[in-house]
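The values are calculated or read from the model by the stated rules, or taken from the named source; none is laboratory data. Every value quoted in this text rests on a predicted model; they were computed, and no experiment measured them. No Cβ is skipped: glycine too gets one built from the backbone with ideal geometry, and neighbour counts run over all protein chains shown. When the accessible area is computed, the model is the full protein with side chains, heavy atoms only, and any ligands, DNA or RNA have been set aside. Shrake-Rupley method; radii C 1.70, N 1.55, O 1.52, S 1.80 Å.
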Amino acid sequence: MTSASGRLVLAATPLGDPGDASARLIEALGSADVIAAEDTRRLRGLASALGVSPVGRVVSFYEDVETARLPKLLEALHGGETVLVVTDAGMPSVSDPGFRLVAACVEEDLPITCLPGPSAVTTALALSGLPCDRFCFEGFAPRKPGERTKWLAELDGERRTVVFFESPHRVASLLSDAASALGGTRRAAVCRELTKTYEEVKRGTLAELAEWAADGVRGEITVVLEGATPRQVEVSDLVPEVAERVASGERLKTVAAEVAGAAGVSTKELYAAVLAARK
């Protein structure tokens with residue numbers, strides 16, 4: 001599959017069921033000059049399940065060696081070879097190795113393409129029963145208590161549905177912390193072992209899910225969190241903020257528009273309230 005100009009190919013792999021592999025992935029596994037795999041043993045297991053025999057060189061490409069592998073992979077691409085990147089499950093670069101190589105290829109103007117396929121993020125989102133029209137992906141939840149507290153505080157006002165990964169050993173404590181920080185009534189879904197034999201989606205409030213997880217949860221976990229409900233803000237509560245900014249030299253009309261827009265209230269009403277407070 002050598003060509004005049006090499007090409008980097010990012011390929012999504014099944015989350016658990018080999019039957020989810022695309023025909024393009026199977027073709028690529030059997031023809032790529034180089035296969036950079038997060039786990040070479042899992043790659044060979046997947047290839048065997050798909051009935052394909054890789055003919056290209058297989059190299060390990062996990063997080064700890066990703067940077068060290070870049071020069072050789074870039075050399076192969078410059079030499080006209082096709083380099084296929086696969087991770088253990090899902091899409092390379094999405095909380096998996098791949099981003100650094102993609103960035104390097106962009107910098108050196110090397111061709112890049114993608115073979116789309118399974119994604120734990122969108123699969124969990126679709127199964128969650130929560131709004132899917134607007135969402136954000138947060139990668140893995142922070143491990144350290146201080147970072148987690150700050151992270152949850154940032155999510156307190158996030159109105160989009162939030163998707164993130166968590167270790168089965170930490171999901172119980174995370175759900176408990178989330179219930180305390182965001183309110184026990186906020187809805188969520190814990191999706192585990194997606195597409196596998198013991199797939200399970202547990203839906204409920206954060207308080208309910210924290211209680212459920214206290215007995216222990218196994219498998220690969222994806223959590224989907226309901227977006228925050230917009231808080232009702234009284235116009236009168238915003239007057240001091242506007243007055244303080246105007247006193248520091250900003251224009252009343254500009255400040256009123258900015259503060260009203262952020263709070264979701266009428267600019268006209270806030271402007272009038274500020275003027276009334278001056279009398």
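Once you order the gyration tensor axes a ≥ b ≥ c over the Cα atoms, which shape class does region 27-130 get: rounded for a/c under 1.5, otherwise prolate or oblate by comparing a/b with b/c?
Values: a/c = 1.87, a/b = 1.31, b/c = 1.43.
Judged from the Cα gyration tensor, region 27-130 comes out oblate (a/c at least 1.5, b/c at or above a/b).
Given G90, T149, I112, which one lies farthest toward the positive end of the charge dipole of the chain, if we put +1 on the Cβ of every Lys and Arg and -1 on the Cβ of every Asp and Glu?
Farthest towards the positive pole: T149.
Where the Cα atoms of region 117-162 are projected onto their three principal axes, how long is each span, largest first, in whole Å?
Taking the Cα atoms of region 117-162, the three principal extents are 34, 22, 14 Å.
To the nearest 20 debye, what charge dipole does region 43-119 have about its Cα centre, counting +1 at the Cβ of each Lys and Arg and -1 at the Cβ of each Asp and Glu? Kindly include the intermediate steps, with their values, before the conclusion.
Numbers: 5 positive and 10 negative charges, 62 e Å.
The dipole of region 43-119 has a size of about 300 debye.
Using a probe of 1.4 angstrom, how much of the accessible area of region 1-82 is carbon and sulfur, in percent? The partial results should precede the final answer.
Details: 1990 of 4060 Å².
Carbon plus sulfur share of accessible area: 49 percent.
Apply the a/c threshold of 1.5 to the C-alpha gyration tensor of region 134-279 and tell me whether it is rounded, prolate or oblate.
On the way: a/c = 3.29, a/b = 3.04, b/c = 1.08.
It is prolate, given that a/c is not under 1.5 and a/b is the larger ratio.
Compute the distance from the alpha-carbon center of region 243-279 to that of region 8-38, in whole Å.
Using only Cα atoms to place each centre, the spacing works out to 56 Å.
So what J values fall out for region 263-269 if you push phi through Karplus, 6.51 cos²θ - 1.76 cosθ + 1.60 with θ = phi - 60°, rounded to Hz, Gly and Pro as x?
Karplus-based 3J(HN,Hα) across region 263-269 equals 8, x, 10, 6, 4, 4, 5 Hz.
Specify which residue in the list Y62, V223, G183 is farthest towards the positive end of the charge dipole of the chain, using unit charges on the beta carbon of Lys, Arg (+1) and Asp, Glu (-1), about the Cα centre.
Value: G183.
Amide H to amide H under 5 Å from E220: which residues, 5+ apart in sequence or cross-chain, H placed 1.01 Å off N in plane?
E193
Just to confirm, what accessible area per residue do you get for the chain at 1.4 Å probe, in whole Å²? Don't skip to the answer; put the middle values down first.
Values: 14820 Å² over 279 residues.
In whole numbers, the chain has 53 Å² accessible per residue.
Hey, any idea what % of region 210-279's accessible area is carbon plus sulfur with a 1.4 Å probe? Display every interim value, and only then the final one.
On the way: 2210 of 4500 Å².
Ligands and nucleic acids excluded, carbon and sulfur reach 49 percent.
Calculate, axis by axis, the spread of Cα positions in the chain along the three principal axes, and write the results as whole Å, longest axis first.
The Cα atoms of the chain stretch 82, 48, 31 Å along the principal axes, largest first.
Sort 148-154, 37-43, 245-251 by the packing proxy (mean of other Cβ within 10 Å over each peptide's residues), most packed first.
Values: 148-154: 14.0, 37-43: 17.7, 245-251: 11.4.
Per-residue Cβ counts within 10 Å, averaged per peptide and sorted highest first, yield 37-43, 148-154, 245-251.
Checking the cross-link filter: which lysines have an alpha carbon closer than 19 Å to that of K144, excluding same-chain neighbours under 8 positions apart?
In chain and number order, there are no partners.
Amide H to amide H under 5 Å from E200: which residues, 5+ apart in sequence or cross-chain, H placed 1.01 Å off N in plane?
Residues meeting the amide H criterion: R192.
How big is region 88-179 on each of its three principal axes, counting only the C-alpha atoms and giving the largest first in Å?
The Cα atoms of region 88-179 stretch 46, 30, 26 Å along their principal axes.
Take the solvent-accessible surface of the protein heavy atoms, probe 1.4 Å, and return the percent of it on region 96-140 that carbon and sulfur atoms account for.
Values: 1390 of 2430 Å².
The nonpolar share, carbon plus sulfur, comes to 57 percent.
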